[in-house]
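All remarks here apply to the structure that follows.
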Amino acid sequence: MQKDADGFYTPAPAKEETPAESKPEEDKEKPQGPSANSELISSTFEVSVTLADQQADVNSPLYSAKTFEELGLHPDLLKGIYEMGFSKPSKIQERALPLLLSNPPTNMIGQSQSGTGKTAAFVLTMLSRIDYTKNTTQAVCLAPSRELARQIMTVINSMGKFTQVQTEYAIKDNLPRNATRITAHIIVGTPGTMTDLMRRKVIDVSGIKVFVLDEADNMLDQDGLGDQTLRVKNLLPRNQVQIILFSATFPDHVRSFASKFAPNANKIELQKEELSVDSIRQFYMDCKDEEHKYEILTTLYTLLTIGQSIIFCQHRHTADRISQKMTAQGHKVASLHGAKDAAERDKIIDNFRDGKEKVLITTNVIARGIDILQVNMVVNYDLPLMSERGGGPSEDSRPDVETYIHRIGRTGRFGRKGISINFVHDRKTWQQMEQIEKATGKQIMRIETNDLDVMEEKMKKALK
Ligand SMILES: Nc1ncnc2c1ncn2[C@@H]1O[C@H](COP(=O)(O)OP(=O)(O)OP(=O)(O)O)[C@@H](O)[C@H]1O
């Protein structure tokens with residue numbers, strides 16, 4: 001059955017998982033991965049390692065031998081950082097900041113796992129390089145979604161609380177059409193709106209010294225936002241701009257373009273097997289078919305609402321249909337995707353961030369960057385596919401490994417525990433998942449439905 005065949009139906013009351021021997025023929029052929037027995041799940045949640053322990057562990061991406069004071073930051077920024085509750089830098093902050101702040105400014109291509117604090121590295125650089133006596137734009141930052149741009153802005157305003165920083169958005173529907181000039185020090189936005197404002201000279205580019213791309217591999221991908229990002233770069237003054245690229249992933253096909261985009265950059269890179277953090281436990285559930293996926297999802301609802309969860313679907317209409325169905329059954333869920341208007345998107349993500357909604361059903365639009373610490377579960381209702389990337393052939397059924405890494409990275413932030421569950425329902429999706437497993441070098445364990453009670457117990461404990 002096709003994924004988008006909308007195989008929705010009114011589900012029967014929650015059932016136990018179909019025993020292996022009664023699975024359809026196709027399923028029987030599926031190699032059965034290891035089972036996530038309760039012992040394993042216990043080890044996932046009962047090892048209580050504090051953040052301080054992780055920051056003291058030399059093998060952790062959160063490790064640092066230094067203090068923020070030793071990184072050469074202005075006292076006003078230190079005040080902002082400490083007020084945010086940070087006590088020690090993470091590895092990427094410790095390594096990147098001295099390189100980013102040294103003079104003359106040098107470009108940077110920085111890679112570090114999801115949720116390890118890349119935002120602070122580039123935000124502190126922008127805030128450090130501004131001349132606050134001048135009311136001109138000096139730093140611009142691009143992100144792939146308005147949600148991420150808004151989040152980055154919150155970080156800038158918190159870290160810069162004790163500075164005189166002025167900020168502005170370059171996102172859709174934010175400025176009045178007749179706006180003539182922005183003088184904010186830092187502008188954060190998405191590439192289309194940023195280009196438009198620069199072309200119309202609403203943004204004066206002449207004083208810009210820092211250009212940041214968050215989720216840089218996505219921003220530079222020729223099949224995605226690459227053209228638009230290049231347009232912004234071409235509008236900036238030459239030879240005076242420090243270019244800073246950050247992401248958790250830099251696939252080979254983007255790496256060489258990134259090196260041209262940010263010439264002579266200092267590089268901080270990860271090995272393949274380091275791409276995702278170990279604190280995210282990855283599971284899969286064997287579903288009989290497309291309809292069964294929906295049934296399993298409603299069975300999981302109690303688990304999904306112990307903390308907060310994000311469910312990723314391939315299509316906007318799938319997200320909407322699941323959301324409508326679940327709402328009609330009395331569940332509290334919301335859906336978010338690119339077909340909703342700007343104000344609605346803002347309201348949905350803000351409500352989710354505030355914990356007003358426990359479950360968010362979405363598409364790849366928020367697969368990257370979104371930082372909501374209470375999210376402890378991610379469900380890949382549909383696995384991400386290469387065909388969903390703009391520009392690629394629509395029949396490309398290879399899994400999109402980078403998007404997978406970013407999606408599951410919405411949980412397990414900065415040392416927290418999280419779990420991800422993939423729904424697989426036929427041989428093809430099983431193989432796609434196997435390719436993801438190979439590419440990331442991390443095992444994805446099988447969950448039997450009758451383990452859900454144990455899992456619920458452990459999750460509740462973990463959240464206490
Ligand atoms: N040094 C620190 N101490 C404590 N918390 C931190 C520190 N640095 C960052 N954090 C927190 O960790 C969380 C993750 O940080 P951030 O969003 O910057 O991750 P990221 O590396 O950009 O992830 P992604 O690749 O998903 O975009 C945030 O809630 C942030 O406030």
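The values are calculated or read from the model by the stated rules, or taken from the named source; none is laboratory data. Computed from a predicted model, the values in this text were never measured in an experiment. Using ideal geometry, Cβ is built from the backbone for each residue, glycine included, and neighbour counts are taken over all protein chains shown. Protein only, heavy atoms only, side chains kept; ligands, DNA and RNA dropped before computing areas. Shrake-Rupley method; radii C 1.70, N 1.55, O 1.52, S 1.80 Å.
Which FRET efficiency value, to the nearest 0.05, is calculated for Arg199 and Asp223 with the Förster distance at 25 angstrom and r the Cβ-Cβ distance? Computed FRET efficiency for Arg199 and Asp223 comes out at 0.55. The relative contact order of segment 275-392 comes to 36 percent, based on Cα pairs under 8 Å that sit 6 or more residues apart. Ordering Thr318, Ser279, Ala179 by Cα displacement along the dipole of the chain toward the positive end leaves Ala179 in first place; charges were set at the Cβ atoms of Lys, Arg (+1) and Asp, Glu (-1).
3J(HN,Hα) along segment 308-318: 10, 9, 10, 10, 9, 10, 6, 10, 4, 5, 5 Hz, from the Karplus curve 6.51 cos²θ - 1.76 cosθ + 1.60 with θ = phi - 60°, whole Hz, x for Gly and Pro. Exceedance of the 32 Å cut-off in Cα-Cα distance is limited, within the set Lys325/Lys438; Lys161/Lys267; Lys172/Lys358; Lys118/Lys293; Lys325/Lys428, to Lys325/Lys438; Lys118/Lys293. Summarising the label geometry, the points placed 7 Å from Cα in the beta-carbon direction at Asp320 and Asn351 lie 1.6 nm from one another. To the nearest ten degrees, helix 91-101 and the longest principal axis of the Cα atoms of the chain are 20 degrees apart.
Annotation: Phe414 carries an accessible surface of approximately 50 Å², with a 1.4 Å probe and no ligand, DNA or RNA atoms counted. First compute the accessible area of the chain with a 1.4 Å probe, then give the percent of it belonging to carbon and sulfur atoms. It is 48 percent, rounded to a whole number.
Taking the 0 to 90 degree range and rounding to the nearest ten, how far is the long axis of helix 290-299 tilted relative to the main principal axis of the chain, both from C-alpha atoms? Approximately 80 degrees, to the nearest ten. Charging the Cβ of each Asp and Glu at -1 and of each Lys and Arg at +1, and nothing else, the dipole of the chain about its Cα centre rounds to 1880 debye.
Beta bridges assigned by DSSP with both partners in the chain are antiparallel in approximately 0 percent of cases.
Here Lys428 and Ala339 are evaluated by their C-beta separation; at R0 = 22 Å the FRET efficiency comes out at 0.25.
Note on Lys172: accessible area is roughly 130 Å² with a 1.4 Å probe, heavy atoms of protein only.
Over segment 169-243, what is the relative contact order in percent, taking alpha-carbon pairs closer than 8 angstrom and at least six residues apart? This gives 31 percent for segment 169-243. Accessible area per residue for the chain, computed on protein heavy atoms with a 1.4 Å probe, is 42 Å². Orientation-averaged projection of segment 67-110 equals 3.2 nm² [convex hull of Cα atoms, one quarter of hull surface area]. Calculated mean residue ellipticity at 222 nm for the chain: -11000 deg cm²/dmol, from DSSP H runs with n ≥ 4 weighted as -39500 (n - 2.57), summed, divided by the residue count and rounded to 500. Modelled spin-label separation between Ala65 and Glu395, with each label point placed 7 Å from Cα along the Cα-to-Cβ direction: 5.5 nm.
Straightening the chain between Gln374 and Ser102 buys 94.4 nm, computed as 0.36 nm per residue apart minus the Cα-Cα spacing.
Site pair Asp173 and Asp289 shows an inter-label distance of 3.9 nm when each label is modelled 7 Å from Cα along Cα→Cβ. For the chain, the relative contact order comes to 20 percent (Cα pairs under 8 Å, sequence separation of at least 6). To the nearest 10, the accessible area of Ser128 is 50 Å² with a 1.4 Å probe. Angle of helix 427-440 to the longest C-alpha principal axis of the chain, folded into 0 to 90 degrees and rounded to 10: 40°.
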